[in-house]
Structure formats: C-alpha cells, structure tokens
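Below is one structure, written out as structure tokens; the observations come after it.
The values are calculated or read from the model by the stated rules, or taken from the named source; none is laboratory data. Everything numeric here is computed off the predicted structure, so don't read it as measured data. Positions of Cβ are backbone-derived with ideal geometry, glycine not excepted, and every protein chain shown enters the neighbour counts. Remember, those area values only see protein heavy atoms, side chains included, never the ligands or the DNA or RNA. Shrake-Rupley method; radii C 1.70, N 1.55, O 1.52, S 1.80 Å.
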Amino acid sequence: MKLNLPIDAEANELLQRSPLALLVGMILDQQFPLERAFAAPYELSRRLGHEPTAEELADFDPEALTAIFATPPALHRFPKAMAARVQEACRIVVDTYDGAAENIWTGAADGKDLLKRVGALPGFGKQKAQIFVALLGKRFDVRPEGWREAAGAYGPDDAYKSVADIVDAAALVKVREYKQAAKAAAKAAAAEKK
C-alpha cells in the first residue's frame, strides 16, 4: 500500500510522484503536525505557481523563501529555520545527486548506505533517517538489501511507529497512540531523573 495521509488528495498525489516533495515533507516533519508537514510541499508549489526543482530552491533568495514559508498559514512553526534547512538539503541534492532527490536512494548500495546518505542530510538524526528509510521501503518500494535492518525499530510491517506506517485512518490512530505513549514515557523518565 502507498502512503495515504489525512491531507488533500492533491498533496498526497504530489508526495507519491515527486521525490523532492517527499524529501521536503520529511524535513518539515519535526516539531510540527505530520499532516501539515507533508501537506507543505503542495502548498509551497501552490504559492510558487509551479512545482519547484531542487536547483530552484537551492538558488532561491533566502529572505524571499523565508517569506514564502512564513506566509499564513506558515509552512512550519519555525519558517526561517526550516526554509534554510530545505534550501541546504536542496543544495546537497544539486551538488551531490545531480539535482534529483531520488538519486539519494536509487544510488544506495545497501540499507546501511541508504541510512548513511539520508543521515547526512540536514536535520536527519539517526531516528529520523531510520524513519525515512522505513518510509521509502514500505511505501515506495525502495528496498536495497538490508533496508529493514537499517530502519531499525521502524522497519517491521507492523511497527506503527511513524509516518512510514500510515496507509489509512486506523493506522494513523495506532501511530498517534504509539507517539503519545513514547512521549509519556520520556516525560516520566525525565521526572525520575530530577
């Protein structure tokens, strides 16, 4: 099953066909509701009047891009920082991957290499990189040898821990329940340390 988020059909369709949109959505999926993060690439395209290329975003005037990100409703709660992060990632896509976001994953030798490539992008720590590897494998058939192992706890089909597992409303509920439980556990652990 493909990715099916509770966002506009056009935004879901863009994520399905545009590797750059998928990458931008994943970048924005941080301290922000996942629905808004993954709908943002479509809104960005709408605001620009066309789907941007990695080169266009990499070369965009930083202040103008920040203004586009900040226009209500903002594309992220931290529009300046995230516009800069998207721009930095697009510069890497242009300079390292011939301007094609999909080259990040199509050129990976195996799961470890894929995790390393994704983890080298701005804003991708180990956990976020593992989630993106799981998303690529589960929803986009990007499955180099060892991808599930590289995705760690997010790799199993029945993980229900991240955006990689959302295919319908029931899966979204399971992911939200997992995230709430994880947040509560982290809060409890922090309280014990005090």
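Some points to look at:
- Heavy atoms of Glu63: accessible area, 1.4 Å probe, square angstrom to 10: 150
- Looking at the chain, the accessible area is 51 square angstrom per residue; that uses a 1.4 Å probe and ignores ligands, DNA and RNA.
- When only alpha carbons are used to place a centre, the stretch 1-50 and the stretch 159-194 end up 21 Å from one another.
- Expected 222 nm ellipticity per residue - DSSP helices of 4 or more, -39500 (n - 2.57), all of the chain, to 500: -19500 deg cm²/dmol
- Anchor Lys128: lysines whose Cα lies under 18 Å away (excluding residues fewer than 8 positions away in-chain): Lys112, Lys116, Lys138, Lys161, Lys179, Lys183
- Accessible surface ranking for Lys112, Lys138, Lys161, 1.4 angstrom probe, highest first: Lys112, Lys161, Lys138.
- Overall form of the stretch 105-194 per C-alpha gyration tensor (a/c, 1.5; a/b vs b/c): oblate
- Per-residue SASA remark: Thr106, around 100 Å² accessible (1.4 Å probe; ligands, DNA and RNA not included).
- Its relative contact order, with pairs defined as Cα atoms under 8 Å and 6+ residues apart, puts the chain at 18 percent.
- A simple count of charges around Phe124, restricted to other residues whose Cβ falls under 11 Å of its Cβ and scoring Lys, Arg +1 and Asp, Glu -1, yields +4.
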